[in-house]
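Structure, as structure tokens:
The values are calculated or read from the model by the stated rules, or taken from the named source; none is laboratory data. Please read all numbers here as calculations on a predicted model, not as lab measurements. Backbone-built Cβ (ideal geometry, glycine too); neighbour counts: all protein chains shown. Protein only, heavy atoms only, side chains kept; ligands, DNA and RNA dropped before computing areas. Shrake-Rupley method; radii C 1.70, N 1.55, O 1.52, S 1.80 Å.
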Amino acid sequence: MRSIRAAAVGAVTLSLALAVSACGGGTPTGGGSNDSPKTLTYWASNQGASIEIDKKVLQPELDKFEKQNGIKVKLEVVPWNDLLNRILTATTSGQGPDVLNIGNTWSASLQATGALLPWDEKNFAAIGGRDRFVDSALGSTGAPGKDPAAVPLYSMAYGLYYNKKIFAEAGISKPPATWAELIADGKKIQAKGKQAIGAEGASLNENVHHVFVFAKQHGADFFTADGKPDFTSDKVVAAVKQYVDLMAKDKVIPPGNAEYAQNQSVSDFAKGRTAMLLWQTASANLRSQGMNPDDYGITPVPVQSGTPGSGTQINSMVAGVNVAVFKNTHNLDGATQFVKFLTSDEEQKILNKAFSSIPPVKTAQADPAFNTPETAVLKNTLATSAAALPQVPSESQFETTVGTAVKELFADAAAGRAVTTESVKAKLLKAQQQMPAK
């Protein structure tokens, strides 16, 4: 899922417990219909620096779809802060769109509601086949062994962005490859009067994305093999503490970042206030804020030692956005045509280029437009050193509870309160106790 997002998901548990009888219209038994063949409603996630920028990107493409298919698409770009709750409300109220974007990490949770059209072989065949999509993207479309709940639309990975001028002024000749190197470089940068690295300490999903990677690097998982939460193991605790310690102990994340949740760390980097940024496919966002691409570089996210890869060398979650259809839409055929349009080679190139993401469609990803230095780093990360967040029904609650625990730990660090192994474990135990019973 895209960065800048903090999802408030208090309604998740209720939604997962309810069977869905009507979403986006359709028949009372939950099947789709074609009662409204000339219209579609579409909830798009906010991918760019603003909702207005997204509308400028999307509307010409929706007009193109209408011209080709005679179907008018009513667009609403929904901020990530609101998107998950809006979707959950739709699954229980029956008042939802026909087509919508979802964060790929939510796929299994939303799949469990029964609200979304399953993408079986027949449905995939209608949009050109499952094998058009890269495996890493398909791995975040729903629970293993079930038909996907959505189709990959935008793929992303985390990279470490660094300001070339600030690095040069601090006498740093190359970007850090390990966390120890990042901390050492951060001290040199701070000695020159600049902030070292930004974070969005109040963003629940940003917190989860990073501690998930740290846990992988410690050889840990937040869930057992059978899907039970396991937030308090020694390795998970150590991983969360290492991330928060970038502020609490190492002092390379500014205390004020504990309150960041809405793109502020990207703005700090774009304006030259911060030397480093951990972000997903940031170039379009940085460009929209006036940063020249020649002024920064991108390198893989650091690991504990060595180089990124599999196992404990994982350095990103498989980030991205999927497109889904409410299964009892009033325009089932039109919704399928629209998904086919969005995932066509032409549209994949247009949309992913506009949002600086990577096409999950193999043939589009091979286009020269996605062979820039930045996308080369991110594509290689997705192919070799990224892992999907747990595809379990309670994943969205995990993002909320653990994300909140990390947010509270950052608040402690910013206030000068000690962040200890015991305090980290206590926060994670509280998060685990808030998870639904399996």
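Taking the Cα centre as origin and putting +1 on Lys and Arg beta-carbons and -1 on Asp and Glu beta-carbons, what dipole magnitude results for region 316-438, to the nearest 20 debye? Before the final figure, lay out the partial values.
On the way: 12 positive and 11 negative charges, 69 e Å.
That gives region 316-438 a dipole magnitude of about 340 debye.
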**Prompt:** Using a basic spin-label model with each label point 7 Å from the Cα along Cα→Cβ, how many nm lie between GLU181 and LEU429?
**Reply:** 3.9 nm
**Item:** For LEU153, residues with placed amide H under 5 Å, excluding near neighbours
**Value:** VAL321, ASN322, VAL323
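With N set to the number of residues, divide the alpha-carbon radius of gyration of the chain by 2.2 N^0.38 Å and report two decimals. Before the final figure, lay out each step's value.
Working: Rg = 21.1 Å, N = 438, 2.2 N^0.38 = 22.2 Å.
It is 0.95.
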**Message:** Let me check against my output: what whole-number percent is the relative contact order of the chain, with C-alpha pairs under 8 Å and at least 6 apart?
**Reply:** 27 percent
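Give me the 1.4 Å probe accessible area per residue for the chain, excluding ligands and nucleic acids, in Å². Can you show the working numbers first?
On the way: 16460 Å² over 438 residues.
Counting only protein heavy atoms, the per-residue value for the chain is 38 Å².
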**Asked** So, with +1 on the Cβ of K and R and -1 on the Cβ of D and E, and no other charges, what is the size of the charge dipole of the chain about its Cα centre, to the nearest 20 debye?
**Response** 620 debye
**Prompt:** How far, in nm, would the chain grow between GLU52 and LYS164 when pulled straight, counting 0.36 nm per residue and subtracting the alpha carbon separation?
**Reply:** 37.3 nm
**Message:** Can you give the FRET efficiency to the nearest 0.05 for ASP35 and SER288, using r as the Cβ-Cβ distance and R₀ = 30 Å?
**Reply:** 0.15
**Relative contact order (%) - region 40-176, alpha-carbon pairs under 8 angstrom, separation at least six** = 22 percent
**Asked** Name the residues of region 385-424 whose amide N is less than 18 Å from a point 7 angstrom out from the Cα of THR312 along the C-beta direction?
**Response** 385-387
**Asked** Using a simple spin-label model with points 7 Å from Cα along the Cα→Cβ vector, what separation in nm is obtained for GLN95 and LYS249?
**Response** 5.0 nm
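Per the 1.4 Å probe, what fraction of the accessible area of the chain, in percent, lies on carbon and sulfur atoms?
Details: 8680 of 16460 Å².
That fraction is 53 percent.
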**Message:** Can you give me the solvent accessible area of ILE87 with a 1.4 Å probe, rounded to the nearest 10 Å²?
**Reply:** 0 Å²
**Asked** THR372 versus ASP135, label points 7 Å from Cα toward the beta carbon: distance in nm?
**Response** 2.9 nm
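On a full-extension model of 0.36 nm per residue, what is the gain between GLN190 and LEU75, subtracting their alpha-carbon distance, rounded to one decimal in nm? Before the final figure, lay out each step's value.
Values: separation 115, 0.36 × 115 = 41.40 nm, distance 4.50 nm.
Taking GLN190 through LEU75 to full extension adds about 36.9 nm, to one decimal.
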**Message:** Which residue, MET317, PRO37, THR299, has the largest displacement toward the positive end of the dipole of the chain when charges sit on each Cβ (Lys, Arg +1; Asp, Glu -1)?
**Reply:** THR299
**Request:** Could you tell me the accessible area of ARG287 in Å² (1.4 Å probe, neighbours in place), rounded to the nearest ten?
**Result:** 120 Å²
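Rounded to the nearest 5, what % of DSSP beta bridges with both residues in the chain are antiparallel? Write down the numbers at each step before the final one.
Values: 23 of 38 bridges.
Of all bridge pairs located within the chain, approximately 60 percent are antiparallel.
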**Asked** Between THR41 and residues 5 or more places away or on another chain, which pairs have amide H atoms under 5 Å apart, with H built 1.01 Å from N, and which residues are they?
**Response** LYS74, ASP98, VAL99
**Prompt:** PRE reach from THR299 (point 7 Å along Cα→Cβ): which of region 345-364 fall under 13 Å by backbone N?
**Reply:** none
**Fill in**
Too long for a 29 Å Cα-Cα cut-off, among LYS194/LYS349; LYS164/LYS235; LYS187/LYS216; LYS188/LYS425; LYS194/LYS427, are LYS194/LYS349; LYS164/LYS235; LYS188/LYS425; LYS194/LYS427
**Message:** Leaving ligands and nucleic acids out of the surface, order ILE189, ILE53 by accessible area at 1.4 Å, largest first.
**Reply:** ILE53, ILE189
**Item:** Between helix 234-248 and the chain: long-axis angle, C-alpha atoms, 0 to 90°, nearest 10
**Value:** 70 degrees
